[in-house]
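Student: Structure provided below as structure tokens; questions to follow.
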Amino acid sequence: MTISTTSSTGTTGSTSGSTRPAGADSLRSSRRSRVVWLLVVVGVLACVAVSSLVLGSRQVGWGDIVAGVTGHDTTIAEAAVAKRVPRTVLAMVVGAALGLAGAAMQGVTRNPLADPGILGVNMGASLAVVTGIAWFGLSGAQSFTWVAITGAAVTAVFVYAVASMGRGGPTPLKLALAGTATTAAFSSFITAVVLPRGDIADSVRSWQIGGVGGATFDRILPVVPFLVVGLLVSVVSARGLNSLALGDDVAAGLGERVAIARGSAALGAVVLCGAATALAGPIGFVGLVLPHVCRLLVGIDHRWLLPFSALTGACLLTVADVVGRVVARPGELDVGIITAIIGAPFFIYIVRRQKVRAL
Amino acid sequence: MTTTLELVVAGRRRRARRRASIVGVLLVLAAALFAASLVYGRTVYPIGDVWAVIRGEEVPGATFTVGRLRLPRAVLAVIAGFAFGLGGVTFQTMLRNPLASPDIIGITGGASAAATIGIVFFSLEGAQISVLAIVAGLMVAMVIYALSFKDGVAGIRLILIGIGIAAMLESVTTYVLSKAGQWDLQEALRWLTGSLNGSSWSDVVPLLVASLVLVPLLLSRTGALGTLPLGDDTAAALGTRVEATRLVVVLAAVGLIAFATAATGPIAFVAFLAGPIAARLVGPGASLLVPAALVGAVLVLLADLVGQYALDTRYPVGVVTGVLGAPYLVYLIVRTNRAGGNL
């Protein structure tokens, strides 16, 4: 008995001794590769930010750029650069919020097609703001944000509830359809609300197509607290999302409080979507594309996935904005249009890759 | 044996009677709404005057208001509604899914995007727009079909890919409209949600000609279309030439949708709603093509009357169908989910 025990512990010890370094190695190397990717993404973001200052409808020299960034706006070129600074910040902030929200939503719904745009959440925020402007004389960034977040939350709950009915829970098809139906309905409602009010049609237009033009720091600053709260809530719930990915039963068995984990992640995502829409109008597909790309880079751990989605989201939206300014010279292309044209093919790619079962 | 046979025959006869009576009711309803939209307006003309105008007599005032404004508008509403309803139900029957209607999977969106591009960038008019719209509609249909092909075409994949395409095309339309600065909001809405404002006979003629060709073509394939949902092998065993039927049916349905879109813009939800509404009215086992087409015509006429006169502001017809149709769409998704997904 004693001999066999010692021999068995001996073998266990020797096998674990031989495997542990390998496991630790792969862990260390994956962490190293994540850190490398993190540096790469941050570097790309910096390049993108610079290019957003340099490129635009008007061509400017380096001297103008330095002057514009440091606050001079005596010449037209310097003024143009000075206007690009808040715009770049806005694109980065909104892109980060949407990327993060998309990753969280995909985690919460365990659905590869979840995206604030496809699910109609952004359009819900838009409808709330437009109704507020037209019927209740709403004005000011602070109140826009509250109303937008409320609209986003109500829409998210509604779409999820509609999609959860029936067999199989919220499948990708049901979520996408419920979201599409809601989006179509809401854009009709927005039109119905705006049409009798020719006086506000112009100010409301930006709530129908997302764009980052006309940004000022005065508009961005009041929304920042909301974004920070959304960011913190989402990042804190990352661990819970990892458990949820195993399925509700396994997550509960591991000691996760499923409802709380899901609720907090969804809350963070909704706050981020609402705040982003309050800043830039409804922008789709950013939250859809990036979590998939980031999963290839850093794996499925949400503690890495969420920050990466935020960073790459900032990159994507800034690039889309720059492209919109360069392609349509001397005019501009709204960033929401660019993301739809980039994002829809990606959506199709994901649909094709998935195994779909018959309805 | 005979009792079973008698039961089947009796059931078939009953269903045919029900379908015929529903079609009759819808026809009467459409005619009444058509007459109402000619008679009613800012100035109400007696039905005698309206009839005189239609016969070509000169009636002061009415000749212009009814003959030049209301008549083309009402005729366009009927034909466009008919075309949207028929095209929509054809796709829904063929793909065996109420959600596979042309406005959800992007075919209407393709026609609309092409029409706006033609108008804004190339200053095209009339028949050229119709041709462009139908070419774009067919191309979108082919692209969606090709993209969803992977060991056969799964209905769900096709619908999801169509949703993606529709989102992209809608943003293209929005972009093109934003380039056309001199357009007013009303005119832009025509291409975003559909509108009958400013209808003239030049809008009606291409759609009318196309309908006269395509509707009989489509209706002549009713029987073969009914066998397609059973699966290609079964349909072939029942004597249907599967590929030929599908080609003809898709061409005709896309043609109807595209011509209607070129004339009125993508009137929201009509193609989507007509089929399920007709299915509920008629009941199972009968062909839905004619009832759904009539439901489409009734929907557009009714929504246009509501949009013009029910409220303080005059809303384009697409906004009304969008707002009225959306709750029904959600209800349909919920019910479809419960039932497990059939028309």
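Student: Applying 1/(1 + (r/R0)^6) with R0 = 22 Å to the Cβ-Cβ distance of A:Thr75 and A:Val326, what FRET efficiency is obtained, to the nearest 0.05?
Tutor: On the way: r = 21 Å, r/R0 = 0.97.
The formula returns an efficiency of 0.55 here.
Student: Now, a different point. Just going by the charge dipole of the protein assembly as shown, with Lys and Arg at +1 and Asp and Glu at -1 on Cβ, which of B:Leu299, A:Gly331, B:Thr261 is farthest out on the positive end?
Tutor: B:Leu299
Student: When A:Cys47, A:Cys294 are ordered from fewest to most other Cβ atoms inside 10 Å of their Cβ, what list results?
Tutor: If I rank by nearby Cβ atoms, fewest first, I get A:Cys47, A:Cys294.
Student: Rg/Rh for the protein assembly as shown to two decimals, with Rh computed the Kirkwood way over all alpha-carbon pairs. Please report the intermediate quantities before stating the final value.
Tutor: On the way: Rg = 28.5 Å, Rh = 27.4 Å.
Rg divided by Rh gives 1.04.
Student: With contacts defined as alpha carbon pairs under 8 Å and 6 or more residues apart, what's the relative contact order of region A:39-353 in percent? Please list the in-between numbers first.
Tutor: Numbers: 552 pairs, mean separation 97.8, N = 315.
Reported as a whole number, the value is 31 percent.
Student: Could you list the square roots of 5 times each eigenvalue of the Cα gyration tensor of region B:19-339, that is, the equivalent ellipsoid semi-axes, sorted largest first and rounded to whole Å?
Tutor: Taking √(5λ) for each eigenvalue gives 32, 23, 18 Å, largest first.
Student: Something else about it: Each label point is 7 Å from the Cα along the Cα-to-Cβ direction; what then is the distance between the points at B:Leu29 and B:Arg55, in nm?
Tutor: With each label point 7 Å from Cα toward Cβ, the separation is 3.1 nm.
Student: What ranking of B:Arg280, A:Arg219 emerges when the number of other C-beta atoms within 10 Å of each C-beta is taken as an exposure proxy, fewest first? Walk me through the intermediate numbers first.
Tutor: Values: B:Arg280 11, A:Arg219 17.
Fewest to most other Cβ atoms nearby, the residues stand as B:Arg280, A:Arg219.
Student: Average partner chain C-beta neighbours within 10 Å, per residue of B:317-325?
Tutor: Partner Cβ neighbours, averaged per residue: 4.
Student: What are the semi-axes of the equivalent ellipsoid for region A:39-353, taken as the square roots of 5 times the Cα gyration tensor eigenvalues, largest first, in whole Å?
Tutor: On the way: eigenvalues 207, 111, 57 Å².
Each semi-axis is the square root of five times an eigenvalue, giving 32, 24, 17 Å.
Student: For region B:113-163, I need the span (max minus min coordinate) of the C-alpha atoms along each principal axis, in Å, sorted largest to smallest.
Tutor: Principal axes ranked by extent give 42, 15, 12 Å for the Cα atoms.
Student: Per residue of A:89-100, count partner chain C-beta atoms within 10 Å of its C-beta, then hand back the mean as an integer.
Tutor: Partner Cβ neighbours, averaged per residue: 0.
Student: For B:Ala237 and A:Ala252, FRET efficiency with R0 = 51 Å and r from the beta-carbon atoms, rounded to 0.05?
Tutor: Working: r = 51 Å, r/R0 = 0.99.
The value I calculate is 0.50.
Student: So which trypsin sites (Lys or Arg not before Pro) in region A:226-307 end up in coil per DSSP with only 14 or fewer other C-beta atoms within 10 Å? The partial results should precede the final answer.
Tutor: Values: sites: A:Arg239, A:Arg257, A:Arg262, A:Arg295, A:Arg303; in loops: A:Arg257.
For trypsin sites (Lys or Arg not before Pro) across region A:226-307 that sit outside H, G, I, E and B with at most 14 neighbouring Cβ atoms in 10 Å, the list reads A:Arg257.
Student: Turning to a different aspect of this structure: If I take R0 = 22 Å and measure r between the Cβ atoms of A:Ser30 and A:Val224 in this structure, what FRET efficiency does the formula 1/(1 + (r/R0)^6) give, to the nearest 0.05?
Tutor: Working: r = 34 Å, r/R0 = 1.53.
My answer for the efficiency is 0.05.
Student: Pairs of Cα atoms under 8 Å, at least six residues apart: use those to get the relative contact order of region B:19-339, whole percent.
Tutor: Values: 492 pairs, mean separation 98.2, N = 321.
Relative contact order here is 31 percent.
Student: Turning to a different aspect of this structure: What angle, in degrees between 0 and 90 and rounded to the nearest 10, separates the Cα long axis of helix B:2-39 from the longest principal axis of the Cα atoms of chain B?
Tutor: Long axis of B:2-39 versus the principal axis of chain B: about 10 degrees.
Student: Give the cross-link partners of B:Lys179 among the aspartates and glutamates, using a straight C-alpha distance below 16 Å as the criterion and excluding same-chain residues fewer than 8 apart.
Tutor: A:Asp202, A:Glu332, A:Asp334, B:Glu170, B:Glu187
Student: Which order do A:His292, A:His72, A:His302 fall in if you start with the one that has the fewest other Cβ atoms within 10 Å?
Tutor: On the way: A:His292 17, A:His72 14, A:His302 26.
Arranged by neighbour count, lowest to highest, A:His292, A:His72, A:His302 become A:His72, A:His292, A:His302.
Student: Based on DSSP H runs of at least 4 residues, each adding -39500 (n - 2.57), what is the mean residue ellipticity at 222 nm of chain B after dividing by all its residues, to the nearest 500 deg cm²/dmol?
Tutor: Numbers: 14 runs with 249 residues, N = 343.
Taken over chain B, the calculation gives -24500 deg cm²/dmol.
Student: I've got another one for you. Testing the spin-label approximation: label points 7 Å from Cα along Cα→Cβ at B:Tyr331 and B:Arg12. State their distance in nm.
Tutor: 3.4
Laboratory data are not the source of any read-out in this text; all were calculated from the coordinates shown. Predicted model only: the values in this text are computed from it and were never measured. Cβ atoms come from the backbone with ideal geometry, glycine included; neighbour counts cover every protein chain shown.
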